[in-house]
Amino acid sequence: MNRFLIPLGVFAVLVAFLAVGLTLNPREVPSPFINKPAPAFQLAQLHQPVLMFSQKDMLGQVWLLNIWASWCASCRDEHPLLVELASNRVVPIVGLNYKDKSGDAKAWLARYGDPYTLSVTDANGRTGIDYGVYGVPETFVIDRAGRIRYKQIGPITRQALEGKILPLIRELQKS
Amino acid sequence: MLTAAWRDARLLSALATLLLALSPLAAWSGEAVPTEQDPVHEKRAVKLSEELRCLVCQNQSIAESNAELAVDLRRQIREQIKAGRSDGEIVDFMVQRYGDFVLYRPPWKATTLLLWIGPLLLLAIATAVLLRNLRKRRARADERDLTDEERRRAERLLTGGGEEQP
């Protein structure tokens, strides 16, 4: 009896591990930023390059930092959701235009709609590196104290928005 | 026959032209541009970028990958070496931003303990099972004596009587 039960048990454990492994997404690397202060930056605004913007300007508010680019195909996938979110005026969304040409970026926003309170230009991707960006789009939820509370890697889906991001924003806005 | 040979020749020459046309591309792709004058700095930069994982194409190091992020991070490493940062500081810079995941050699901590000792653990278990089985088998070989009937049969075989045919 043991002769069959032991290999069967080992096999069952193996299957369990593989089954769990299949449901994980290897692209979702746990962010080391959660609950840490948002890295500092000071960048020129996309539409008014003479004006600078720093993450400090948002202290006291709950806000979203959305990393996007006109060359990024999945940015277009999430874009309608951002536009919808902006039209509901739930939360200010700051766009970080990552390694893009300003002309392309402005044309893209003119074409697909501009959900951003403002966008800043990170032409050489340096601020992106400070935020550990490795796959555009990425979105950070930042609380009143300027701490990162959540990071969405890849496009925002309706499921992520309604299941995680919006409840978190509401909770953070209450405190 | 002649036309077939003619067609083959034409095909071959077309292929040769195509290869010739592509050859400058092939010559381009292999060359790494030396970006550092100081050979010591260059060596450190290469070594560091081999230790760090590219997050875009996760099975390549920053040194191997041609993803844009890898190019940026290689530049970042070189800038920091030039600015006089130590290897440890540069690695910390990367870990702060991308987490332990960027390290091809993950650090010792509670969450990576299984990763490090897992193979040893498996080896220990396998050795224990093997030893137990060997011991059991030896014990089984020793323990059983022949029955009287078997002993008689063995004797018959050994004395050359042969197996009686039914």
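Just so you know, all these numbers are worked out from the coordinates, no wet-lab data involved. Everything numeric in this text was worked out from a predicted model, so none of it was measured. Backbone-built Cβ (ideal geometry, glycine too); neighbour counts: all protein chains shown.
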Original post:
Charges only on Cβ, +1 for Lys and Arg, -1 for Asp and Glu: so what's the dipole of chain A about the Cα centre, in debye to the nearest 20?
Top reply: 300 debye
Original post:
For the range B:76-145, which chymotrypsin sites (Phe, Trp or Tyr not before Pro) are both in a DSSP coil and crowded by at most 14 other Cβ atoms within 10 Å?
Top reply: B:104, B:108
**OP:** With label points built 7 Å along Cα→Cβ from the Cα atoms of residue A:17 and residue A:57, find their separation and express it in nm.
**Re:** 5.1 nm
Original post:
Which order results if B:56, A:133 are arranged by neighbouring Cβ count within 10 Å, fewest first?
Top reply: B:56, A:133
Subject >> Gain on full stretching of the segment that runs from residue B:117 to residue B:156 - 0.36 nm per residue minus C-alpha separation >> reply: 8.2 nm
**OP:** Assign unit charges at the C-beta atoms only (+1 for Lys and Arg, -1 for Asp and Glu), then state the dipole size of the protein assembly as shown relative to its Cα centre in Debye, rounded to the nearest 20.
**Re:** 560 debye
Subject >> Unit charges on C-beta of K, R, D, E only; dipole of the range B:35-107, Debye >> reply: 40 debye
Original post:
Over the C-alpha atoms of the range A:54-143, what are the Rg and the largest Cα-to-Cα span, Dmax, in Å?
Top reply: 12.2, 33
Subject >> For the range A:159-169, 3J(HN,Hα) per residue [Karplus equation, 6.51 cos²θ - 1.76 cosθ + 1.60, θ = phi - 60°, Hz, x = Gly/Pro] >> reply: 4, 5, 5, 7, x, 10, 5, 5, x, 5, 4
Original post:
What list do you get for A:102, B:49 if you sort them by fewest beta carbons within 10 Å?
Top reply: A:102, B:49
Original post:
Sorting B:147, A:139, A:23 on the 10 Å Cβ count, fewest up front, what's the list?
Top reply: A:23, B:147, A:139
Subject >> Rounded to 5, the percent of DSSP beta bridges in the protein assembly as shown classed as antiparallel >> reply: 65 percent
Original post:
In whole Hz, what ³J(HN,Hα) sequence does the range A:18-28 give by Karplus (6.51, -1.76, 1.60; θ = phi - 60°), x for Gly and Pro?
Top reply: 5, 5, 5, x, 5, 7, 7, 9, x, 6, 8
**OP:** Of the options A:129, A:38, A:96, report the single residue whose Cα projects farthest towards the positive end of the charge dipole of chain A (beta-carbon charges: Lys, Arg +1; Asp, Glu -1).
**Re:** A:38
